[in-house]
Every structure is written in structure tokens, then in C-alpha cells.
Amino acid sequence: ATLAELHRLAVRPPRSTLVNEVKERTALRRGHGALASMAVALGQAGGLEAVVEATARELRARGARVVVVRDRDEVPLAATASATGATCLVVVRLDPGAMAATALYFASERSESPSGHRLADALAERVGRALGLPAVTRGMTLPVLRETPMPASVLEMGPLDRVVERTGQLAEAVALALEGWGIPET
């Protein structure tokens, strides 16, 4: 009886599609619009102020409305970003030992953010190219990804000297990634 109960608990029901996933997939098919029509929340958790400021300038130069949100704690950062009504959230974080550009999006055992996944893919590809490093995309349940209503991605970059040296290219890479993410899926 104990083994049967343990087996029952171990069996996971098939993953079902949640309403928010359906809404996000519909939004992806329509597209999020041109960068000039987007409101972008840029999150800065410490360590890469110059990259965030350069990215904000680049996005504004391309017509986007940008709100920079600074907080080391992910929960208040998510709450503040959510209050802005932004189209998306991109959090920039330093990973000093990184040997890849990593973009995280919300994914759990039961659901994921399709739009966040696409955003993370676009960011990883462009930022990886700008840094000259491999790109990795991973689904996570971090509070900043889980607690925002808009698609969100945490962009982890390193090493510091390479990030500092390529700040301008990184800002342009984030802008290009957001432009590509806004285009409707075909």
C-alpha cells in the first residue's frame, strides 16, 4: 500500500495549457509591435549600471518608452516593474564567472511563458553574439519572472571586463533583440 501510494504521488498529470499561455501565444502571433510603441522596463539589480543606462539611451533613441527599475531584491523589483504597465521586463545581472550569455524566462513544471521564452531566446542570441560567447536560454521560477504580468527575462552576463568593454554593443544587442521580439510570429 505504501509503494502504491508513493507511485501515485510520483506520477505527474500531463501538462495542461493555462489561460495565460493561450493569451501569450495569441499575443505572439499578433506581435508586440514596433519598438517605438513599446514600454520597456529595465531592471538593474546592481553591478551593471553603465550597461543599463546605455541600453536605456539606445532604446529611447529608437523610440521606446523606458523605465529603469533598480532594486537588489527581486520581489520589489518585480512589483515596481509591474506597476509601470510595461510591455516587457528585462533584468540585467552580472555573473562574473560566466562563459556564456544566459537569458532566463519563467517556466515551471506546469507552465511557462511562451512570450518570455521568445524574449529570452532573442536576448541570448544577440547578447551572446555581442559578447562573443555562447548563448544559453533556461526556464526558471525566479520571483522576478514569476511575479510579473508582462513577459520578462533575466539576462546574466560576464565576465565583467568583457561586459564593460562592450557596453555599447550590448545596448544595441538588447535593442535589436526587442525589435525582433516585437515582430509577429509567422
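The values are calculated or read from the model by the stated rules, or taken from the named source; none is laboratory data. All of these numbers come straight from a predicted model, not from anything done at the bench. Please note: Cβ atoms are built from the backbone with ideal geometry, for glycine as well, and neighbour counts cover all protein chains shown.
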Among the helices (runs of 4 or more DSSP H) lying completely within the range 116-186, list those that include at least 3 residues that are small (Gly, Ala, Ser), in contact with a Lys or Arg (Cβ under 9 Å, 6 or more places away or on another chain) and in contact (Cβ under 8 Å) with a residue 40 or more places away in the chain.
167-182
So GLU172, is it surrounded by 16 or more Cβ atoms within 10 Å (Cβ to Cβ) and either polar (S, T, N, Q) or over 12 Å from the mean Cα position of the chain (by Cα) (or both)
yes
Odd one out for LEU42, checked against (1) in contact with a strand residue (DSSP E or B) (Cβ under 8 Å, 6 or more places away or on another chain); (2) more than 23 Å from LEU133 (Cα to Cα); (3) surrounded by 16 or more Cβ atoms within 10 Å (Cβ to Cβ)
(2)
Scope the range 115-125; condition surrounded by fewer than 23 Cβ atoms within 10 Å (Cβ to Cβ) and either modelled with pLDDT under 90 or in contact with a Leu (Cβ under 8 Å, 6 or more places away or on another chain) (or both); matching residues
ARG118
Conditions (1) surrounded by 19 or more Cβ atoms within 10 Å (Cβ to Cβ); (2) of a type in the set (S, T, N, Q); (3) touching a Gly at 6+ places or on another chain (Cβ under 8 Å); number of the one not met by THR148:
(3)
